[in-house]
Amino acid sequence: MQTNNCYIFPGFGFGLVMCGAILVDDDMLLAASEALAKQVTDEHYARGMIYPPFVNIRKISAHIAAGVAAKAYELGVASGNTASSTCGSGEVR
C-alpha cells in the first residue's frame, strides 16, 4: 500500500491550504504521521491492522489536516486566520 499517497497527502495538503502555510517543515509531516497513527485503535491492532480502515478516509484526512495546520501555527508558518478560528486545537470530532 502506498501510505503517503492514500492516507497522508490528502490530509496534509488540506491542512496546508486550510492554514495558508507559507512553508512546509519536516515537523509538519511528522505531525501528519502522528495524526494517522492516533487513528489506529487497539482493536485494529488486535485484528492485525497497522492502518485505520480506509473506509474512514474522510475523517482520517480531517484529523491529519487539523494536526498539520496546528503544527504550522505552532511553527509560525501559517498565513491564514488565527488557529482558533480555523482549526481550533487541532482536534476533530
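The values are calculated or read from the model by the stated rules, or taken from the named source; none is laboratory data. Note that the structure is a prediction, hence the values are computed from the model and not measured. Reconstructed Cβ throughout: ideal geometry from the backbone, glycine too, with neighbour counts over all protein chains shown.
When you look at Tyr45, is it of a type in the set (Phe, Trp, Tyr) and part of a loop (DSSP other than H, G, I, E, B), yes or no? Break it down into steps so the answer makes sense when it comes.
Numbers: of a type in the set (Phe, Trp, Tyr): yes; part of a loop (DSSP other than H, G, I, E, B): no.
Spelling it out, it is not the case that Tyr45 is of a type in the set (Phe, Trp, Tyr) and part of a loop (DSSP other than H, G, I, E, B).
Mind checking whether some residue in segment 60-67 is at negative phi and surrounded by fewer than 17 Cβ atoms within 10 Å (Cβ to Cβ)? Give the derivation first.
First pass over segment 60-67, keeping only residues at negative phi: 60-67.
Now restrict to residues that are surrounded by fewer than 17 Cβ atoms within 10 Å (Cβ to Cβ): none.
No, segment 60-67 contains no residue that is at negative phi and surrounded by fewer than 17 Cβ atoms within 10 Å (Cβ to Cβ).
Within the set of pairs 6+ apart or on separate chains, which have a first residue in segment 1-27 that is farther than 11 Å from Ala69 by Cα, a second that is in a helix (DSSP H, G or I) and hydrophobic (A, V, I, L, M, F, W, C), and C-beta atoms under 6 Å apart?
Close Cβ pairs satisfying both conditions: Tyr7/Leu36; Ile8/Ala32; Asp25/Leu75.
For (1) under 14 Å from Cys6 (Cβ atoms); (2) modelled with pLDDT under 95, each residue gets a yes or a no:
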{"site": "Asp27", "(1), (2)": "no, no"}
{"site": "Ala32", "(1), (2)": "yes, no"}
{"site": "His63", "(1), (2)": "no, no"}
{"site": "Leu75", "(1), (2)": "no, no"}
{"site": "Ser79", "(1), (2)": "no, yes"}
{"site": "Gly90", "(1), (2)": "no, yes"}
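For the subset of segment 10-59 comprising residues that are among the aromatic types (Phe, Trp, Tyr) and surrounded by 14 or more Cβ atoms within 10 Å (Cβ to Cβ), which member is farthest from the chain's Cα centre (by Cα)? Steps first, please.
The initial filter retains those residues of segment 10-59 that are among the aromatic types (Phe, Trp, Tyr), namely 12, 14, 45, 51, 54.
From what is left, the residues that are surrounded by 14 or more Cβ atoms within 10 Å (Cβ to Cβ) are 12, 14, 51.
Details: Phe12: 6, Phe14: 9, Tyr51: 14 Å.
If we take residues in segment 10-59 being among the aromatic types (Phe, Trp, Tyr) and surrounded by 14 or more Cβ atoms within 10 Å (Cβ to Cβ), then Tyr51 is farthest from the chain's Cα centre (by Cα).
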